[in-house]
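All of the numbers you see were taken from the coordinates with simple rules; none came from a lab. Everything quoted here is computed from the prediction, not taken from an experiment. When we count neighbours, we look across all protein chains shown, and the Cβ atoms used for this are built from the backbone with ideal geometry, even at glycine.
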Amino acid sequence: MPPKFIVAPARELTGYHPEAQVHTEMSPEHFLWKLGTVGDEEFYVSRGSVAALKQRMMTGQEIDPLFLDYNPFQKKIVGHEGRHRALTAVELGIEKVPVIVYFYDEHGYHDVKNKEGIVYDQSHYIPLEELGEDRVNRELAHLGAERTSAYRRPASQPAGKRLYAPRDLSVHVRRHRRQV
């Protein structure tokens with residue numbers, strides 16, 4: 001039986017443009033296939049990173065979810081993070097990995113609203129309500145992603161307690177999100 005991909009809460013991801021994100025699962029092979037190559041070459045693989053991730057997955061430690069910035073108008077992936085996690089999952093025989101899909105429009109701006117529905121900013125991230133449920137589902141099918149309701153509470157976490165304690169998460173995710 002292969003190890004499981006136990007999802008870390010990753011507030012850097014789940015709290016980043018929640019109006020434009022969908023929580024999904026994909027096969028790690030399909031995730032890598034959708035990304036293709038970088039230029040004419042395969043992506044650089046750090047065997048040290050893969051070994052460290054394998055150890056974490058085999059011991060049941062939490063791992064940050066993968067993510068895609070996806071432009072539904074051009075049907076292309078414009079940003080991502082998680083190739084090493086996907087490659088490690090493939091090598092360990094894990095069938096599905098958690099992927100957060102952000103809908104992103106590199107050429108346009110979209111309104112960002114507060115909880116009361118008042119526009120307070122504009123962003124390249126596209127609110128799901130602007131795309132509509134049918135379009136979102138079509139785009140997810142195009143990506144080969146299956147929607148999940150959200151990340152589940154770990155079995156080790158009792159229902160009455162605070163769901164997650166603050167802690168340091170992936171340096172790569174924080175670094176990428178600061179650049180966007």
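Taking 7 Å steps out from each Cα toward its Cβ at Glu133 and Leu35 produces label points 3.3 nm apart. As a proxy for reagent exposure, Met1, Met58, Met26 were ordered by neighbouring Cβ count within 10 angstrom, fewest first; the result is Met1, Met58, Met26. Restriction of the trypsin sites (Lys or Arg not before Pro) in segment 1-90 to DSSP coil positions whose beta-carbon has at most 11 other beta-carbons within 10 angstrom yields Lys75. The charge dipole of segment 71-113, taken about the Cα centre with unit charges on the Cβ atoms of Lys, Arg (+1) and Asp, Glu (-1), comes to about 60 debye, rounded to the nearest 20. When Rg and the Kirkwood Rh are both derived from Cα coordinates, the Rg/Rh ratio for segment 60-143 amounts to 1.05. Dipole of segment 26-139 computed with +1 at Lys/Arg Cβ and -1 at Asp/Glu Cβ about the Cα centre; of Leu131, Phe103, Val50, farthest Cα towards the positive end is Val50. If the chain linking Arg47 and Val119 were pulled fully straight, counting 0.36 nm for each residue of separation and taking away their Cα-Cα distance, it would gain 21.3 nm.
When the chain is fully extended, how far beyond the present Cα-Cα distance does Gln74 get from Asp111, taking 0.36 nm per residue of separation?
Contour length minus Cα-Cα distance gives 11.3 nm.
Show me the chymotrypsin sites (Phe, Trp or Tyr not before Pro) within segment 63-143 that DSSP assigns to loop and that have at most 15 other Cβ atoms within 10 Å of their Cβ.
Within segment 63-143, the qualifying chymotrypsin sites (Phe, Trp or Tyr not before Pro) (loop, at most 15 other Cβ atoms within 10 Å) are Phe73, Tyr109.
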